[in-house]
1. Take the Cα atoms of the chain, find their three principal axes, and give me the spread along each one in whole Å, biggest first.
2. For segment 5-42 and segment 54-84, what is the separation of their Cα centres, given in Å?
3. Mind checking the dipole of segment 1-82: about its Cα centre, +1 per Lys or Arg Cβ, -1 per Asp or Glu Cβ, Debye to the nearest 20?
4. Label-point separation (nm) for Ser37 and Leu79, each offset 7 Å from Cα along Cα-to-Cβ?
5. How about segment 1-87: which trypsin sites (Lys or Arg not before Pro) there are in a DSSP loop, with at most 15 other Cβ atoms within 10 Å of their Cβ?
6. With unit charges on the beta carbons (Lys and Arg positive, Asp and Glu negative) and the dipole taken about the Cα centre of the chain, which residue among Leu81, Ala45, Ala15 sits farthest to the positive side?
7. How many nm is it between the label spots at Glu47 and Ala7, if each spot is 7 Å from the Cα in line with the beta carbon?
8. If you add up the charges near Ala43, with Lys and Arg at +1 and Asp and Glu at -1, over every other residue whose beta carbon is less than 12 angstrom from its beta carbon, what do you get?
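Since every read-out is calculated from the coordinates, none of them should be taken as a lab result. All values derive from a computational prediction rather than experimental measurement. Cβ: placed from backbone, ideal geometry, glycine included. Neighbour counts: every protein chain shown.
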Amino acid sequence: DAGFDEAEAVQVYRALADFMLSWTGFSAGLRALGEKSGQDDAAWAAEYARAPAHRFPHAVALAGQMAAIDDDGNFDFALELLLDGVEARLRSRS
């Protein structure tokens with residue numbers, strides 16, 4: 001009822017479902033890793049911070065901020081981006 005034709009509505013539904021399933025699997029994997037997950041986060045943040053600043057100035061400068069993003073907040077943001085994309089797609093049809 002949002003305004004998509006049937007074929008596109010099915011694709012939107014499938015994309016949303018796949019996002020949720022993928023995120024659920026990702027979350028389960030992190031829980032299975034337990035403490036190792038936090039160690040992995042710290043390791044990649046340290047690698048970003050050690051990257052050559054002349055080649056990757058933004059990654060180096062923002063490594064701490066990237067590492068500080070929590071999974072729940074990131075889920076909310078990613079879902080919002082996906083839904084904004086669906087909305088923008090729908091608007092482009094009018």
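1. For the chain, the Cα spread along each principal axis is 49, 35, 17 Å.
2. 16
3. On the way: 5 positive and 14 negative charges, 122 e Å.
My answer is approximately 580 debye.
4. It works out to 1.6 nm between the two label points.
5. Passing sites in segment 1-87 are Arg55.
6. Farthest towards the positive pole: Ala45.
7. Each label point lies 7 Å from its Cα, and together they span 4.1 nm.
8. On the way: positive: Lys36, Arg50; negative: Asp40, Asp41, Glu47.
Around Ala43, the surrounding residues sum to -1.
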